[in-house]
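The structure appears below as structure tokens.
Bear in mind these aren't lab numbers, they're just calculated from the coordinates by the rules spelled out. The structure displayed is predicted, hence computed values, not measured ones. Positions of Cβ are generated from backbone atoms using ideal geometry, with glycine treated the same way; all protein chains shown enter the neighbour counts.
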Amino acid sequence: MNFFRADLHIHTVLSPCGDLEMSPVNIVSEATMKGLDIIGITDHNTTRHCELINKLAAEKGIFVMQGAEVTTKEEVHCLAFFENTDALKKFQEFLDHNLPEIMNDPAKFGYQVQVDENDNVVYEEKKLLINAISKSFEETEAFTHSMNGIFIPAHINRKKNSIYSQLGLLPGNLNADALEVSKATTPEQFASIHPEINGFPLIRNSDAHWPGDIGTAFTVFFLKKPSFAEIRLALKGDNGRKIIVE
Ligand SMILES: [Zn+2]
Ligand SMILES: [Zn+2]
């Protein structure tokens, strides 16, 4: 087995808050430069940039965890990842169906564009992606797991859009594959205030919105090889696999 460096929380230009420089080509080139082996693509409430980034990253030997950062009805941000195109498509339908019909104002919130490998715009998302979907935290978790996905409440230490800020506590029956802390803290620091998180695998990512941010926080996975199945096993600590946050 080997150590692989992963930054599983990266936004693209498709997120209204994502810098215009966050094109698929630029993200992959920055990730290559930073020595990342695994990247997670997690735009707000959309998965539409995953396929192209997956293709470009594969050419550079980088494995992509394809998913989204969902805003649940309670405004909790959660990372959801899927193993194959079919599950990803079904999850995109779930997001499209449950995102309210409130339109984006690019001048106010930023552009929400999908671009090709030559940075030409191929699609513009009209609905504002940073709104909450109409499904609850629990419903989002259940749907993600019904599609065999990986479900990770995001930046749980934040004062906004986190499980603690929105739900007030860690639900007793929480079915999460891991919990993410932001780069503002470490798992140890946050666990010293909230020891209840110690029952969960803890990861840390950059939540990058511009290229320079990519890889500024990361999690090391000890795996046979970078794959969705191996990452799932590492989160469970299966057979010597493990995760390390430095
Ligand atoms: Zn977030
Ligand atoms: Zn984010």
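Using the structure shown, select from LYS135/LYS183; LYS89/LYS126; LYS90/LYS127 the pairs with a Cα to Cα distance greater than 25 angstrom. Violating the 25 Å Cα-Cα cut-off are LYS135/LYS183.
Would you kindly give the portion of the calculated P(r) for the chain that falls above 23 Å, as a percent of all Cα pairs? For the chain, the fraction of Cα-Cα distances above 23 Å is 45 percent.
Expressed to the nearest 5 percent, the antiparallel share of DSSP beta bridges inside the stretch 34-167 is 70 percent.
Report, in whole Å, the centroid distance computed from the Cα atoms of the stretch 1-50 and the stretch 202-242. Distance between centres, Cα-based: 13 Å. Each Lys and Arg Cβ is given +1 and each Asp and Glu Cβ -1; about its Cα centre, the chain then shows a dipole of about 560 debye.
So what is the relative contact order of the chain, in percent, for Cα pairs below 8 Å that sit 6 or more residues apart?
Reported as a whole number, the value is 24 percent.
Run through the stretch 67-104 and list the GluC sites (Glu not before Pro) located in a DSSP loop whose Cβ has at most 10 other Cβ atoms within 10 Å. Counting only loop positions with at most 10 other Cβ atoms within 10 Å, the GluC sites (Glu not before Pro) in the stretch 67-104 are GLU101.
Ordering of 28-35, 177-184 by packing is 177-184, 28-35, highest average first (other Cβ atoms within 10 Å, averaged per residue). Each of ASN120, GLY110, ASN161 was placed along the dipole of the stretch 74-163 (beta-carbon charges, centred on the mean Cα), and the one lying farthest toward the positive end is ASN161. Amide H contacts for TYR123 (H built 1.01 Å from N in the peptide plane; partners 5 or more residues away or on another chain; cut-off under 5 Å): GLN114.
When each of the peptides 228-241, 40-53 is scored by the mean number of other C-beta atoms lying within 10 Å of its residues, the order from highest to lowest reads 40-53, 228-241. Here is how the number arises for the chain: DSSP H runs of 4 or more residues each give -39500 (n - 2.57), the sum is divided by the residue count, and the result at 222 nm is -8000 deg cm²/dmol.
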